[in-house]
Amino acid sequence: MGSTPEGPYRLLGGRIPYVEGPLKVTGRAEYTDDLQRPGMLVGRLLRSPWPHARLKSIDVSAARAVPGVYAVLTGERYPTPFGVLPITRDETAIAVDKARYIGDIIAAVAARDEATAEAALALVRCEVEPLTEHADPRMGVGKVTDPIHARGLAGSNIQKEVVQHFGDVEAAFAGARHTVRVRGTFAGVTHAFTEPMATIAEATPDGRLTVWSATQVPHYLHRALSEVLGMPMHRIRVIKPEVGGGFGGKSDPLPHEIACAALALETGRPVKVLFDREDVFYTNHGRHPTQNDVRIAADADGNLLAYDIEALIDGGAWSSFGTVTTYYNGVLAMGPYRVPNFRYKGRRVYTSKPPSGAMRAHGGTNLRYSVEVALDTLAEVAEIDPFDLRARNALPPGATTVNQFEITSTSFLECLRTVRARSGWDSKHRRLPYGRGIGLGCGFYISGSNSPIHFTPKMPQSTVHLKVDMDGGIAVHSMQADIGQGSNTLLAAIVAEVLGVDLDRVHVARVDSDVSPVDLGSYSSRVTFMMGNAARAAAEQLRDELLRAAATLLGAPTESVRVGHERFEVTGAPDRSVSFLETLHRAMETKGALTASGSYQTHPKGGSFKGAKAGTAPAYSFAAYVAEVTVDPETGEYRVEKIWAGFDCGRPLNRLAVEGQIQGSIHMGLGQVMGESMRYRGSRLLNPSLLEYKIPTPQQMPEIEIHLVGADDPEGPFGAKEAGEGPLIATLPAVGNALYDAVGVRFTELPITPDRVLRGIDRRRAEGRAWKGA
């Protein structure tokens, strides 16, 4: 089923319906909250109402005395720090010694039902010493009173500082004909996934612990549970049920997961922790509030000479992926354009707010907005069309950037050509009436991180196991995490493509650490590239074994036998063939069920300077988007009418999934540019609910025209690259630049809400600067 593939493959390249689709649309797919265990208790978490406070004492005696309460835990029981990055372990399952933000977990309860758990939490008594609140990252870059973490740089709240300089930026600016500058300010945004966090843990009398959790990173959760609980990994089993969206918000091992497991160990009973939406907001790990300063120098012909970038990043209370994000806020500016001189200073600062972390295209989104708005400004100053400016500076295939990123493949110029023609750019740019505008934004993102987070033990970044028995069904085992993006379907399709079988012969087993080989998880757009290569290697190993068995049955040399559809046949003589099942049974005669294992490990990339590995990837995606907007100049209300999306993901292996990822990315990007914002008064989050945190409605979505124009990547599986995060990035600057074309106002603070649009229009009018005759 699905459409006919474009290209040489039987399945890949077509529109393949998701293998789990029938279960999801009929309500039969099992998410964590759907699971039941006998005698399961309800876990609840007590959260800090203080932004920063020393916990002098916590009295839980009254809570423990409530009938139906089985355990009450505080931080000293399991104080071992953890974190997704082994170099910055600064989180605890439950607060130890002090609370660091409003929402920090300070106690956990397991009880027979929700009402009993809530009654017990109400009886917990805390004596605290209020400490200095740190709400503004600008105030945290110097020495502070009561730093949030002792590990802050030189007595400050700086969690990570990055300084890089390639070439001679000062000389480039001194010799430049044109220089432009954009100072961007970006509110924090959160993932707003459908399924809230949920975890079930069960400790059994045989000394084992099983944890079911809505996670993107089962392997990292497995490690963290072992480290904090003091149990060997082989005594812990992690199972990932279906996950209702993640977008990076479930890509850390999270405190509630470990607290839930700790409650199960304490009680000897299964325990479920299910978040409400407010809990989700306080857990956050969303996109960092950021202030950046982007300066660009160019010569008279518009050739880029240098970038000079600074970023101040609000990290919230924990490190999370912050070290990586700090690097990404600079180095991901190194594509899709040639930049011969580059300087970057980035600082991520702890604050007493919910932690920021990885959110779809983390580190690259806010940076890209400022860069692309600056390039639009440069094009205007230099009197060059924005498309021509970008094409003139595009990185070619095979290029190496000044910081040693290797560009294995790029169809960026084709992205530009396609959306320029399809959008009617040349007849619209600066030619539409006042209040209507068109804008260009471009993007560049990694297809997985080239370097793993954990350096020991050394192992592949993805491993896939296959097992096929006499029934002819092919079981696929992998710890890659399908979070709704369709990776299970792709995994099955790759195996079916290589073996020549129908898709329904392949079953992807759920992630279970007892039987699934290690894959590092679903983040940094790594799954298609890394899992895809591992799956292909495993399937080819199994294929070769079957080819040898088929050759025996056909009485032909192995090298003359090829894979057909559900059969093996002699090349040039398709009437000489044997079925898949017959071949399988012959191969099994002496060894039983057939198994195969494939893995993928990246090749070393990058330089030897500090931070050289940050942003290196086996391949990169490229994007060029055009947005068309209409603005009501009397109210500031605006609508994005249409987006033309040119995207280079190499060969799209499942067009249905890729197009869905692009549409979803555009929706998320529109949310950030049009209205989404985590609003604070000091450190207090004011809108921790989807009633007050406004994501775009279906009525606000524009028409989207998608063009997949990539050429095959030489290392990607069947030529594929990422399409999960990169499609978001270009959305924001395309809209921002279109608004400038519409009303002549540059917007450098996001979200761009109607009141800000109206103030910008009024300011321009007050200055007497006409735009398009208005």
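Here's how it looks for Val84: its modeled amide H is under 5 Å from those of Ser320, which are all 5 or more places away or on a different chain. Rounded to the nearest 20, the Cβ-based charge dipole of the stretch 460-600 about its Cα centre (Lys and Arg +1, Asp and Glu -1) stands at 220 debye.
Net length available on complete extension from Ala509 to Ala300 is 69.4 nm, with 0.36 nm assigned per residue and the Cα-Cα distance removed. Highest average first, the peptides 482-490, 274-282 ordered by how many other beta carbon atoms sit within 10 Å of their residues are 482-490, 274-282. Excluding same-chain neighbours fewer than eight residues apart, the lysines reachable from Lys345 by a Cα-Cα span under 25 Å are Lys143, Lys160, Lys353, Lys605, Lys610, Lys613.
Calculated FRET efficiency, Arg338 to Lys458, Cβ-Cβ distance, R0 = 41 Å: about 0.75 to the nearest 0.05. Using C-alpha pairs under 8 Å with a sequence gap of at least 6, the mean separation divided by the residue count of the stretch 1-76 gives a relative contact order of 13 percent. Quick one: if the Förster radius is 45 Å, what FRET efficiency do Asp502 and Thr400 give, using the C-beta to C-beta distance and rounding to 0.05? Once rounded, the FRET efficiency stands at 0.55. Pairs exceeding 19 Å between alpha-carbon atoms, taken from Lys240/Lys272; Lys272/Lys694; Lys56/Lys98; Lys467/Lys591: Lys272/Lys694. Entry note, the chain: relative contact order of 15 percent, from Cα contacts under 8 Å with a spacing of 6+ residues. A straight line joining the Cα centroids of the stretch 40-110 and the stretch 419-493 runs 37 Å. Our note on the geometry: Cα centres of the stretch 709-774 and the stretch 521-568, 44 Å apart. Multiplying the residue separation of Asp426 and Val381 by 0.36 nm and removing their Cα-Cα distance gives an extension gain of 14.4 nm.
In a simple Cβ point-charge model (Lys, Arg +1; Asp, Glu -1; nothing else charged), the stretch 525-653 has a dipole of about 720 debye relative to its Cα centre.
Relative contact order of the stretch 460-600, taken over Cα pairs closer than 8 Å and 6 or more residues apart, is 34 percent. Of the residues Val626, Asn403, Ala65, the one whose Cα sits farthest toward the positive end of the charge dipole of the chain, with +1 on the Cβ of Lys and Arg and -1 on the Cβ of Asp and Glu, is Asn403.
The spacing between the stretch 357-386 and the stretch 622-664, judged by their C-alpha centroids, is 16 Å. Extension gain, Gln36 to Glu634: 0.36 nm times the residue separation minus the Cα-Cα distance gives 209.7 nm.
The simple spin-label model puts a point 7 Å past each Cα toward its Cβ; for Glu76 and Ser560 those points are separated by 8.0 nm. Applying both filters, DSSP loop and at most 15 other Cβ atoms within 10 Å, to the trypsin sites (Lys or Arg not before Pro) of the stretch 374-419 eliminates every site. Taken about its Cα centre, the chain carries a charge dipole of roughly 1280 debye when the Cβ of each Lys and Arg holds +1 and the Cβ of each Asp and Glu holds -1. Peptide packing for 332-338, 677-683, 707-713 was compared via the average number of neighbouring C-beta atoms within 10 Å per residue; ordered from the highest value, the list is 332-338, 707-713, 677-683. Couplings 3J(HN,Hα) of the stretch 419-435, computed from phi: 6, 5, 6, 5, 7, x, 3, 5, 9, 10, 5, 6, 10, 6, x, 3, x Hz, in residue order, whole Hz [Karplus 6.51 cos²θ - 1.76 cosθ + 1.60, θ = phi - 60°; x for Gly and Pro]. Per residue, the stretch 156-275 exposes 30 Å² of solvent-accessible protein surface, assessed with a 1.4 angstrom probe and all protein chains in place.
Peptides 217-227, 311-321 ranked from most to least packed, by the mean per-residue count of other Cβ atoms within 10 Å: 311-321, 217-227. Surface composition of the stretch 460-600: carbon plus sulfur atoms contribute 48% of the solvent-accessible area (1.4 Å probe, protein chains only, all chains present). In the stretch 367-448, taking the dipole from charged Cβ atoms about the Cα centre, the farthest positive-side position among Pro386, Cys442, His429 is held by His429. Between the residues Trp771, Leu732, Ala711, the greatest Cα displacement towards the positive end of the dipole of the stretch 706-774, with unit charges on the Cβ of Lys, Arg, Asp and Glu, is found for Trp771.
The values are calculated or read from the model by the stated rules, or taken from the named source; none is laboratory data. Computed from a predicted model, the values in this text were never measured in an experiment. Here Cβ is always computed from backbone atoms with ideal geometry, including for glycine, and neighbour counts include all displayed protein chains. For accessibility, only protein heavy atoms count, side chains too; no ligands or nucleic acids. Shrake-Rupley method; radii C 1.70, N 1.55, O 1.52, S 1.80 Å.
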